[in-house]
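Nothing in this text is a laboratory measurement; each read-out follows from the coordinates by a stated rule. From a predicted model like this one, the values you see are computed outputs, not experimental measurements. A quick note on method: Cβ atoms are made from the backbone with ideal geometry, for glycine too, and the neighbour counts reach across all protein chains shown.
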Amino acid sequence: MNLTQIHHVAIIVSDYKKSREFYVDKLGFQIIRENYREDRGDYKLDLRLDGCELEIFGIAGAPERRSYPEACGLRHLAFRVSDIDQAVKELSDMGIETEPVRTDEFTGKRMTFFFDPDRLPLELHE
């Protein structure tokens, strides 16, 4: 098998408009395509960030995350940043809270977490 990279990650959100604004307007993802799937009654938003794709499915009535943060399935999404202090400031300026910055015990790099509108953990990692 010749896997070359991860093509995309998909998440289900409870409030499509709020999540679209969060990922596009606040985090800066670019929209590839946006579709309402009438037969399923949901939205599918394909986003891109530096060659990686994120699929967002807006499904009304989807069950909430069962536990935090250690439910089976996706644990968190991590984004690499060159200056964690600047990234934390930018999030703060948008009203997005972050956890205190700490050092990853394995990589020695600085990191922190913040959350999307559905409380999905998102990580910043230098």
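Just to confirm the filter: which chymotrypsin sites (Phe, Trp or Tyr not before Pro) across region 85-123 are DSSP coil and have at most 13 other Cβ within 10 angstrom of their Cβ? It would help to have the intermediate numbers written out before the result.
Values: sites: Phe106, Phe113, Phe114, Phe115; in loops: Phe106.
Here the sparse-neighbourhood loop sites are Phe106.
Dividing the summed helix terms, -39500 (n - 2.57) for each DSSP H run of n ≥ 4, by the number of residues in the chain produces a 222 nm estimate of -3000 deg cm²/dmol to the nearest 500. With r as the distance between the Cβ atoms of Asn2 and Glu55 and R0 = 22 Å, compute the FRET efficiency 1/(1 + (r/R0)^6) and round to 0.05. For R0 = 22 Å, the calculated efficiency reads 0.45. Among Met111, Met1, the ranking by other beta carbons within 10 Å of each residue's beta carbon, starting with the fewest, stands as Met1, Met111.
Derived from the Cα gyration tensor, the three semi-axes of the equivalent ellipsoid of region 1-63 are 21, 15, 10 Å, largest first. Remark: C-alpha extents of the chain on the principal axes read 48, 42, 29 Å, sorted largest to smallest. Residues considered: Arg75, Arg66, Arg110. Largest GNM mean-square fluctuation over the chain, using C-alpha springs under 10 Å, is found at Arg66.
Listing Cys52, Cys72 from fewest to most neighbouring C-beta atoms within 10 Å gives Cys72, Cys52. Structure remark: mean-square fluctuation, Gaussian network model of the chain, C-alpha springs under 10 Å; the largest value among Ile11, Ile96, Ile59 belongs to Ile11. Lysine pair count for the chain with Cα-Cα distance under 17 Å and sequence separation of 8 or more or different chains is 5. With springs connecting C-alpha atoms under 10 Å apart, model the chain as a Gaussian network and identify which of Asp39, Asp15, Asp50 has the largest mean-square fluctuation. Answer for the Gaussian network model of the chain: Asp39. Over all pairs of different C-alpha atoms in region 68-126, the reciprocal of the mean inverse distance, the Kirkwood hydrodynamic radius, equals 11.9 Å.
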